[in-house]
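To start, the structure under review is shown below, and the notes come after it.
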Amino acid sequence: MLRRAIPFCVSRNARFGVRHKSSGGRRPKKKTYHRVAELDRVMELRKKPLMILQLTSLILSQPHHSPLFLRDLEKNVGFVRKWAFMALIDKHPSVFRVAGAPPSVSLTGRARNLAQEEAHARASMEPLLVTNLRKLLMLCVDCKLPLQTVELVGPQLGLPSDFKDCLVPKYPQFFTVRRFRGRDCLLLEDWDSTLAVTARETRLAQEGVLDLKANGDRRKVKISRDGNYLGPFAFKMNFPAGFRPNVGYLEQLERWQKLEFPSPYLNARRFDAADPKARKRSVAVLHELLSLTMEKRMTSAQLEAFHSECLLPSQLLLCLIKHQGIFYLTNKGERSTVLLKDAYIGSNLIDKCPLLQFYDKFMALCGRGNIDLCDKNSIPTVI
């Protein structure tokens, strides 16, 4: 009777179903984002090669094949960076040669001959560039992108800096430039359903996984500790070494791996953003965007540029962190960068396009191999 007479006091938080578990005076365990040293090293390895390629491009751009006077170096790279380039010249005599009075820098004969091979590498890249640019436009809800966005991600795609003049007019059956709402946009002229196949689906087809039915094997199997699941709608997982998922997490991940989802090349407006299948499709869109780049990575700012065009998740950063088995975020280098984990083995890119193979060959003159090169602002042209 006494219990009935005394009303039960409900706190404000309890009304919303919030329960606070006592930690015995200890602070709750902080959630950490596990770093991957090999992928962080990818960003560290790119700094010096990019400077060498930039200086090489600067030397070859001199009129009448004349050398670059060291006194003029500051005009091109600035006072602060000049000293870094001077140290670079001194450290790599196999590429750069200093002579004359006043002193000037030029390429060695071997480096100059090798630099001439870039024209062939870029020519062999053109069919791939056209295909990837078409696929990029097909991922967008209206099959168009502002030219400003294309220019922003152009270096990652391997596009030349003057693609608007040398590439787009060459393929009028695929591309056109029109003005929408005060902005010049690149528009897709022809939809090709044969291109609407993702890199993930291509890999699974090569492995014979796409021939399996989604729920064809109902046998009770032990949950994979690495999160990988053999199925047509599964993503390849690569958890960091310090990540220790419990059984509940792995069970939930397996259900997510088995979940069917629509193709990233279908119009995103057809789906409810709150639908779990649509959320998984958003992960597939991010995966495909990164797969279309030369080095399977973009800066965070570049991914954000596709937010409205591809209807990416409103909380993009949280989505990338949640799926840390697929994507990796690093703050190494000048900008925050998102990498596609299944495209790398350690610090090395698995598949390299002809242009990256040329860069590796050129950097071998300096004693550096397996270098991944790509820069947001510019890909140096070495011819």
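Looking at the range 251-262 only, could you name the residues that are out of contact with any Lys or Arg (no Cβ under 8 Å at 6 or more places or on another chain) and open to solvent by less than 60 Å² (accessible area, probe 1.4 Å)? Break it down into steps so the answer makes sense when it comes.
We begin by selecting, within the range 251-262, every residue out of contact with any Lys or Arg (no Cβ under 8 Å at 6 or more places or on another chain); these are 251-255, 257-258.
Once the filter is applied, which keeps residues that are out of contact with any Lys or Arg (no Cβ under 8 Å at 6 or more places or on another chain) and open to solvent by less than 60 Å² (accessible area, probe 1.4 Å), the range 251-262 yields Leu253, Glu254, Gln257.
Take Leu253 and tell me if it is among the aliphatic types (A, V, I, L, M), outside any loop (DSSP other than H, G, I, E, B) and either free of Cβ contacts under 8 Å to residues at least 60 places away in the same chain or over 21 Å from Ile350 (Cβ atoms) (or both). Before the answer, list the steps.
Working: among the aliphatic types (A, V, I, L, M): yes; outside any loop (DSSP other than H, G, I, E, B): yes; either free of Cβ contacts under 8 Å to residues at least 60 places away in the same chain or over 21 Å from Ile350 (Cβ atoms) (or both): yes.
In short, yes.
Going by the conditions given, is Gln173 surrounded by fewer than 15 Cβ atoms within 10 Å (Cβ to Cβ) and at pLDDT 95 or above? Please lay out each step first, then the result.
On the way: surrounded by fewer than 15 Cβ atoms within 10 Å (Cβ to Cβ): yes; at pLDDT 95 or above: yes.
So Gln173 fits the description; yes.
State all residues of the range 182-212 that are more than 20 Å from Leu129 (Cα to Cα), open to solvent by 90 Å² or more (accessible area, probe 1.4 Å) and either part of a helix (DSSP H, G or I) or of a type in the set (Val, Ile, Thr) (or both); if no residue qualifies, say none.
Gln206
As an exercise: evaluate Asp360 against (1) open to solvent by 20 Å² or more (accessible area, probe 1.4 Å); (2) among the charged types (D, E, K, R); (3) at pLDDT 90 or above and give the number of the one condition it does not meet.
Against the list (1) open to solvent by 20 Å² or more (accessible area, probe 1.4 Å); (2) among the charged types (D, E, K, R); (3) at pLDDT 90 or above, Asp360 comes up short only on (3).
Output the number of residues of the range 272-281 satisfying the condition of being more than 19 Å from Val209 (Cβ to Cβ) and open to solvent by less than 60 Å² (accessible area, probe 1.4 Å).
Count: 1.
So, in the range 110-137, exactly how many residues are out of contact with any Pro (no Cβ under 9 Å at 6 or more places or on another chain) and open to solvent by less than 60 Å² (accessible area, probe 1.4 Å)?
Of the residues in the range 110-137, 14 are out of contact with any Pro (no Cβ under 9 Å at 6 or more places or on another chain) and open to solvent by less than 60 Å² (accessible area, probe 1.4 Å).
Take Arg179 and decide whether it is open to solvent by 30 Å² or more (accessible area, probe 1.4 Å), assigned to a strand (DSSP E or B) and under 29 Å from Ala301 (Cβ atoms).
Numbers: open to solvent by 30 Å² or more (accessible area, probe 1.4 Å): yes; assigned to a strand (DSSP E or B): yes; under 29 Å from Ala301 (Cβ atoms): yes.
Here the answer is yes, as Arg179 does meet what is asked.
Restricting attention to the range 229-242, does a residue exist that is more than 25 Å from Asp351 (Cβ to Cβ), among the charged types (D, E, K, R) and either modelled with pLDDT of 85 or more or loosely packed, with under 14 Cβ neighbours inside 10 Å (or both)? Can you show your working first?
Going residue by residue through the range 229-242, those that are more than 25 Å from Asp351 (Cβ to Cβ) are 242.
Remaining after also requiring among the charged types (D, E, K, R): none.
Scanning the range 229-242, I find no residue that is more than 25 Å from Asp351 (Cβ to Cβ), among the charged types (D, E, K, R) and either modelled with pLDDT of 85 or more or loosely packed, with under 14 Cβ neighbours inside 10 Å (or both), so the answer is no.
Right, Lys135: modelled with pLDDT of 95 or more and within 23 Å of the chain's Cα centre (by Cα) or not? Spell out the reasoning first.
On the way: modelled with pLDDT of 95 or more: yes; within 23 Å of the chain's Cα centre (by Cα): yes.
Here the answer is yes, as Lys135 does meet what is asked.
Pick out the one residue from His92, His64 that is at positive phi and not aliphatic (A, V, I, L, M).
Details: His92 fails: at positive phi.
Result of the check over His92, His64: His64.
For the structure I just gave you, tell me whether Leu340 is more than 30 Å from Val95 (Cα to Cα), free of Cβ contacts under 8 Å to residues at least 40 places away in the same chain and among the hydrophobic types (A, V, I, L, M, F, W, C). Outline the logic, then answer.
Details: more than 30 Å from Val95 (Cα to Cα): yes; free of Cβ contacts under 8 Å to residues at least 40 places away in the same chain: no; among the hydrophobic types (A, V, I, L, M, F, W, C): yes.
Judged against the criteria, Leu340 is not a match.
In the range 78-100, how many residues are farther than 24 Å from Asp360 by Cα and open to solvent by less than 50 Å² (accessible area, probe 1.4 Å)?
Residues in the range 78-100 being farther than 24 Å from Asp360 by Cα and open to solvent by less than 50 Å² (accessible area, probe 1.4 Å): 2 in total.
Give me the pairs: first residue in the range 284-296 and of a type in the set (Lys, Arg), second residue part of a loop (DSSP other than H, G, I, E, B), beta-carbon distance under 9 Å, and six or more apart or on different chains, which are they?
Correct list of pairs: Lys296/Ile350; Lys296/Asp351.
Restricting the range 53-70 to residues that are closer than 16 Å to Leu114 by Cα and surrounded by fewer than 17 Cβ atoms within 10 Å (Cβ to Cβ), which is modelled with the lowest pLDDT?
Kept after step one, since they are closer than 16 Å to Leu114 by Cα, are these residues of the range 53-70: 53-61, 65.
Subsequent filtering for residues that are surrounded by fewer than 17 Cβ atoms within 10 Å (Cβ to Cβ) retains 61, 65.
Working: Ser61: 84, His65: 79.
Once the filter is applied, the top-ranked residue is His65.
Which of (1) farther than 23 Å from Pro262 by Cα; (2) modelled with pLDDT of 95 or more does Ser336 not meet, given it meets every other one?
(2)
Within the range 138-147, can one find any residue that is open to solvent by 10 Å² or more (accessible area, probe 1.4 Å) and within 18 Å of the chain's Cα centre (by Cα)? Spell out how you get there, then give the answer.
Just the residues of the range 138-147 that are open to solvent by 10 Å² or more (accessible area, probe 1.4 Å), to begin with: 141-144, 147.
If we keep only those that are within 18 Å of the chain's Cα centre (by Cα) too, we end up with none.
Checking the range 138-147: not a single residue is open to solvent by 10 Å² or more (accessible area, probe 1.4 Å) and within 18 Å of the chain's Cα centre (by Cα).
Before we move on, is Lys322 without any contact (Cβ under 8 Å) to a residue 60 or more places away in the chain and open to solvent by 70 Å² or more (accessible area, probe 1.4 Å)? Give the derivation first.
Working: without any contact (Cβ under 8 Å) to a residue 60 or more places away in the chain: yes; open to solvent by 70 Å² or more (accessible area, probe 1.4 Å): yes.
Yes, satisfied.
The values are calculated or read from the model by the stated rules, or taken from the named source; none is laboratory data. Computed from a predicted model, the values in this text were never measured in an experiment. Positions of Cβ are backbone-derived with ideal geometry, glycine not excepted, and every protein chain shown enters the neighbour counts. Quick note on the areas: whole protein, heavy atoms, side chains included, nothing else; ligands and nucleic acids left out. Shrake-Rupley method; radii C 1.70, N 1.55, O 1.52, S 1.80 Å.
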